[in-house]
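Below is one structure; the comments refer to it alone.
The values are calculated or read from the model by the stated rules, or taken from the named source; none is laboratory data. Model, not experiment: these values are computed from the prediction. Quick reminder, even Gly has a Cβ in these numbers, built from the backbone with ideal geometry, and neighbours come from all protein chains shown.
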Amino acid sequence: MSNYDYDAVVIGGGSAGLTASGIAANFGAKTMMIERERLGGDCTWSGCVPSKALLKAAKVAHQIRKAGNYGLIDSEPDINFSKLIKHVHEIRDDVYREADAPEIYEEMGIDVVEGMAYFTDNHSINIELQSGETKVVTSKYFFICTGGSPYIPPISGIEEANYLTNESLFEIEELPRDLIIIGAGPIGTEMAQAMNRLGSKVTVIDMADRIMVNDDAELAEMLHQRLKEEGIQYVLEAEVGSVRQENGNIEVRLSQSGEERVITGTSLLMATGRAPNVATLNLEAAEVSYSRKGIEVNDKCRTNKSHIYACGDVTGGYQFTHMSEHTAKIAVTNALLKVPMKVDKDHITWCTFTDPELGQVGATEKQLLEKGEEFETYRFPYHKIDRAVTESEGEGMIKVHAKKWNGKILGVSVVGTNAGEMISEYAVAMKNSITLRNLADTIHPYPTYGLGARRAADQWYIKNQSEWQVKLIKKVFGYRGEIPDFSDPDRIV
Ligand SMILES: Cc1cc2nc3c(=O)[nH]c(=O)nc-3n(C[C@H](O)[C@H](O)[C@H](O)COP(=O)(O)OP(=O)(O)OC[C@H]3O[C@@H](n4cnc5c(N)ncnc54)[C@H](O)[C@@H]3O)c2cc1C
Ligand SMILES: NC(=O)c1ccc[n+]([C@@H]2O[C@H](COP(=O)([O-])OP(=O)(O)OC[C@H]3O[C@@H](n4cnc5c(N)ncnc54)[C@H](O)[C@@H]3O)[C@@H](O)[C@H]2O)c1
């Protein structure tokens, strides 16, 4: 029997903390979860949920404007922004009630505490309760799930400017007229499209030479072109020098290809990455190692202290809700069951929920080339997927990287409608060693976007077919047809 108050104490009640607590309690561990604000964390309150609700409204507005694409009449949507924000808040509340509310976790036997936790030694924490009191708690294991906050680069004048981040964007009542976004990563790109479609004039600035730098360059460029066509202005390879706010206007001074430029707007959204929430934890008292990027963990999510684990955004790395859940499962299973599970680095997935969506599973083409891996790329365009054609969503591309000889899938990138769902099929396939041959032989319902995955897999068969094989078949069976033209390596059948 342990002398500690708890078997497992989870600090932070976002995606990682909720998962870690639920699994720990399910394993029979006496568990406490501590949250300083509201259970649900970034995902529910200032991340995935509000951003996806806003993107959906923006997509509907766009479709109304472009109704002619579907045989209807184009018209201008009537947008009441403060009503829309209220709707976004209602959706957040729904998600909170259904998945995050304390009662759900208390029913599982978890002690849920509202307060700010920090270490006093490596088995003890203090919790500053809302009442002002301090509670002392000891535990055999700790799971640090404190997430991250917006990272604001040290740009001259930024601290005096009234800029927005993901923490304030979903609380504004009025649509920004001219929105400047610094950062063309997932947050900057999703929010640029949402706000532009809702009526803001949007300019996106990034120091990189392209948008969505972690995604496939060709597919990210397809998305970039689409966003430009929709009216979003991009200023790339820009070195931001200073920000100044005056009389309700924001000025961003930057240099681009040696030329000084000033971009003006009415609001500024900073989407320049994330910083780990470590400052309040007093990690020194627990002697837990961390860096600027986050708490250092091994592939079992263990810190340098064998009984202290960290999961989710606080560890840096892949900052997605599903990765927070995955790493929480790895941490708790290792700690409480001693089952040596590792983070599944070969099958990381993500999707940016722009229209079209941009998704990834496993290795990108660039990563495979850097590794010197031998592979073939099998492509299939959306305009050959009948479902996409019937829905006027024919812009898109599937790129599957696989071994030529056995069809083993190494990575998949998709840009197009429902890319996130397509990626999920590939994730199951890759995780379970399902090859392109298996996918091509699997009956997919017609007409679905998923059928595009089968047709992309068909390309593996086709690319493995050669002239001599057809000649042999013709000879053996006495067939009289023509030999297909194999001269074009990119032919799609
Ligand atoms: C705009 C936006 C859109 C996003 N969209 C997506 C998406 O579509 N899909 C996707 O997969 N991911 C998305 N993400 C990323 C996703 O939201 C995060 O990866 C995920 O929420 C991280 O979960 P977490 O539990 O690690 O951290 P968090 O959700 O940040 O939770 C950490 C919790 O710990 C609490 N805490 C911190 N310090 C203490 C302390 N000392 N004591 C007690 N409590 C403490 C915090 O209050 C917080 O509630 C998005 C992020 C943003 C910003
Ligand atoms: N759909 C999704 O899954 C989704 C959506 C939104 C956010 N997220 C998560 O949230 C995390 C944070 O997103 P993000 O977009 O803020 O971060 P990011 O790190 O992915 O992108 C930040 C961008 O800002 C640019 N930048 C940084 N400093 C700059 C400067 N001083 N001047 C000009 N440009 C600068 C970078 O070049 C980069 O392109 C992501 O890593 C992602 O994991 C996920």
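A compact table of results
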quantity: Pair list, Cβ < 6 Å and 6+ apart or interchain, from region 400-411 residues that are farther than 15 Å from residue 369 by Cα and in the same structural domain as residue 378 (by the TED database) to residues that are acidic (Asp, Glu) and not in a strand (DSSP E or B); calculated: none
quantity: Test: residue in region 460-478 that is within 28 Å of the chain's Cα centre (by Cα) and crowded, with 21+ Cβ neighbours inside 10 Å; calculated: no
quantity: In region 30-55, residue farthest from ligand 2 (Cβ to nearest atom) [restricted to those that are aliphatic (A, V, I, L, M) and in contact with a Phe, Trp or Tyr (Cβ under 8 Å, 6 or more places away or on another chain)]; calculated: 32
quantity: Looking only at region 320-339, and only at residues there that are away from ligand 1 (no atom under 15 Å from the Cβ) and modelled with pLDDT of 95 or more, the one that is surrounded by the most Cβ atoms within 10 Å (Cβ to Cβ); calculated: 335
quantity: Any hit, region 128-137, residues being near ligand 1 (Cβ under 10 Å from one of its atoms), in the same structural domain as residue 29 (by the TED database) and surrounded by fewer than 20 Cβ atoms within 10 Å (Cβ to Cβ); calculated: yes
quantity: Residue check for residue 317: out of contact with any Leu (no Cβ under 9 Å at 6 or more places or on another chain), at pLDDT below 95 and either of a type in the set (Asp, Glu) or within 12 Å of ligand 1 (Cβ to nearest atom) (or both); calculated: yes
quantity: Meets criteria (within 16 Å of ligand 2 (Cβ to nearest atom), within 19 Å of the chain's Cα centre (by Cα), part of a loop (DSSP other than H, G, I, E, B) and surrounded by 17 or more Cβ atoms within 10 Å (Cβ to Cβ)) for residue 361; calculated: no
quantity: Residue list for region 195-210, restricted to those being closer than 30 Å to residue 411 by Cα, assigned to a loop (DSSP other than H, G, I, E, B) and either touching a strand residue (DSSP E or B) at 6+ places or on another chain (Cβ under 7 Å) or aromatic (Phe, Trp, Tyr) (or both); calculated: 206, 207
quantity: Among (1) within 16 Å of ligand 2 (Cβ to nearest atom); (2) of a type outside the set (A, V, I, L, M); (3) buried (at least 22 other Cβ atoms within 10 Å of the Cβ); (4) not in a helix (DSSP H, G or I), the one test that residue 350 misses; calculated: (3)
quantity: Flag for residue 309 being of a type in the set (Ser, Thr, Tyr), under 27 Å from residue 42 (Cα atoms) and without any contact (Cβ under 8 Å) to a residue 24 or more places away in the chain; calculated: no
quantity: Some residue of region 236-252 being within 27 Å of residue 364 (Cβ to Cβ), part of a loop (DSSP other than H, G, I, E, B), modelled with pLDDT of 95 or more and more than 16 Å from ligand 1 (Cβ to nearest atom); calculated: yes
quantity: Residue pairs meeting the criteria (Cβ under 6 Å; at least 6 apart or on separate chains; first under 17 Å from residue 235 (Cα atoms), in region 258-278; second among the small types (Gly, Ala, Ser)); calculated: 271/183; 271/188; 272/183
quantity: Matching entry among 221, 237, 230, 190 (being within 12 Å of ligand 2 (Cβ to nearest atom) and either closer than 23 Å to residue 63 by Cα or hydrophobic (A, V, I, L, M, F, W, C) (or both)); calculated: 190
quantity: Selection within region 186-237 - among the polar types (S, T, N, Q), more than 21 Å from the chain's Cα centre (by Cα) and crowded, with 20+ Cβ neighbours inside 10 Å; calculated: 200, 203
quantity: Matching residues, region 130-189, being in a helix (DSSP H, G or I), in contact (Cβ under 8 Å) with a residue 24 or more places away in the chain and under 17 Å from residue 48 (Cα atoms); calculated: 166, 167, 169, 186, 187, 188, 189
quantity: Of the criteria (1) at pLDDT below 95; (2) in contact with an Asp or Glu (Cβ under 7 Å, 6 or more places away or on another chain), which one residue 420 fails; calculated: (1)
quantity: Single residue of 176, 154 found to be of a type outside the set (A, V, I, L, M, F, W, C) and surrounded by 15 or more Cβ atoms within 10 Å (Cβ to Cβ); calculated: 176
quantity: Residue match in region 461-476 (condition: farther than 30 Å from residue 342 by Cβ, touching a helix residue (DSSP H, G or I) at 6+ places or on another chain (Cβ under 6 Å) and assigned by the TED database to the domain that holds residue 367); calculated: yes
quantity: Selection count where residues are over 15 Å from residue 170 (Cβ atoms) and either of a type outside the set (S, T, N, Q) or free of Cβ contacts under 8 Å to residues at least 60 places away in the same chain (or both), scope region 4-53; calculated: 29
